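Okay, structure first, notes after.
Please treat every number below as a calculation from the coordinates, not as lab data. Everything numeric in this text was worked out from a predicted model, so none of it was measured. Counting neighbours? That spans all protein chains shown, and the Cβs are built from the backbone with ideal geometry, glycine included.
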Amino acid sequence: MNMQRQFDDVLLGSIELFCLAAEAGSFTAAANLAGVTPAAVSRSVARLEQRLGVRLFVRSTRSIRLTEAGTAYFEECRTALALLTEAERRVSGAQVQPSGTVRISVPTTYGHYRLLPLLPAFRAKYPLIKLHVQVSNHNVDLHEERFDFAIRFRAQPESSLVARHLEDAALVVVAHPGYLKRAGTPKTLADLADHDCIEFDLPSTGRPIPWLFREVDSDVEYAAQGSYRCADDVLSGVTLAKAGAGLFQTYRFIVEEDLATGRLVEVLADLGGRSRPVSLMYPHGKTLPSRARVFVDYLLDAVAETRKPPAAGGSRRRRSTP
């Protein structure tokens, strides 16, 4: 079978510059990364647009934005370039370091107390990979907003997403010692009616999230009520609890240092044992580039390491948190 050449060196170079511009969001930034002039990037994009017969970017005096066709083309080109790089590495046997940018969306709680402290060690291992981390409780659309990964609590995987389980985040009810001295310590769920329970609105619904307990062999949901109601960021409830405002149910990994020092006290421990799953999600059906694959492997291993119990006769060194 005769195979005709469809891509010359100029066209392949134009595709690379187009992908750089799409990732950087700027012709000038792409030019700086590639060591060429912004005009060269602009000409390359124009060459592609003429070949394809579609607009790839909406341009203004200050910014560029991918069109719908440009977004689809970028996703395919990025995957194709990653596959070419991987094929070259495998055939040549060269130990090519993964490079490029990995974009991750993570909730504030998991970002500050799990993900962010783990990233410097990842960068030390893979210095050519840059990390773009959005720390927010907004659930991004991985396809539309061009994120490689999202970390989510309580998320049911969509058909278009792969979900890799990171951990089951244990829940705990905490209060400041001063609050308990003033209001007493609850012993049963019925006792919560006499306490200030700090409410938190689930971002996806705007309604207070129920507290989760395990009573004997049954899972129980409790509609906590009190004088304080927080939204968007779970850490606001933790801050209120530290200030003595009332009781709050949160993830144990957030308050483990405060529990160890006595700044916060766990209550209703006999009714504990509930947790929420945490998953790393990414688009289904696409070959992950090497930079994304090594990130998945690293994060799964690193989170598992943070959850290992202390060795017998010693204590596990705590990871610092911001």
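See the values below:
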{"quantity": "Relative packing of peptides 101-110, 131-140 - highest average C-beta neighbours within 10 Å first", "calculated": "101-110, 131-140"}
{"quantity": "Peptide ranges 28-39, 60-71 listed from the most packed, as the mean C-beta count within 10 angstrom indicates", "calculated": "28-39, 60-71"}
{"quantity": "Rg over Rh [alpha-carbon atoms, Kirkwood Rh] for the chain", "calculated": "1.08"}
{"quantity": "Hits among aspartates and glutamates - C-alpha to C-alpha of residue 125 under 18 Å, sequence gap 8 or more where chains match", "calculated": "297, 301, 305"}
{"quantity": "Of 110, 64, 37, farthest towards positive along the dipole that unit charges on Lys, Arg, Asp, Glu beta carbons give the chain", "calculated": "37"}
{"quantity": "Kyte-Doolittle mean at least 1.0, axial Cα span of 18 Å or more - DSSP H helices of the chain", "calculated": "9-24"}
{"quantity": "Amide proton proximity set for residue 220, modelled H, under 5 Å, gap of 5+", "calculated": "213, 214, 215"}
{"quantity": "All aspartates and glutamates inside 16 Å of residue 181 as judged from Cα atoms, apart from same-chain residues fewer than 8 positions distant", "calculated": "191, 194, 196, 266"}
{"quantity": "Among 250, 193, 271 the positive-end extreme of the charge dipole of the chain (Cβ point charges)", "calculated": "250"}
{"quantity": "Antiparallel content of DSSP bridges confined to the chain, in %, to 5", "calculated": "70"}
{"quantity": "Evaluated at q = 0.16, 0.17, 0.26 Å⁻¹: base-10 log I(q)/I(0), Debye formula over Cα of segment 10-91", "calculated": "-0.57, -0.64, -1.35"}
{"quantity": "Amide H contacts of residue 167 (H built 1.01 Å from N, under 5 Å, at least 5 apart or other chain)", "calculated": "278"}
{"quantity": "Other-chain or far-sequence residues with amide H under 5 Å of residue 132's (modelled H)", "calculated": "102, 103, 104"}
{"quantity": "The chain - percent relative contact order, Cα under 8 Å, separation 6 or more", "calculated": "20"}
{"quantity": "Rounded to 5, the percent of DSSP beta bridges in segment 169-275 classed as antiparallel", "calculated": "80"}
{"quantity": "Segment 169-275 shape via C-alpha gyration tensor axes, a/c threshold 1.5", "calculated": "rounded"}
{"quantity": "Centroid-to-centroid separation of segment 223-253 and segment 32-70 [C-alpha atoms, Å]", "calculated": "48"}
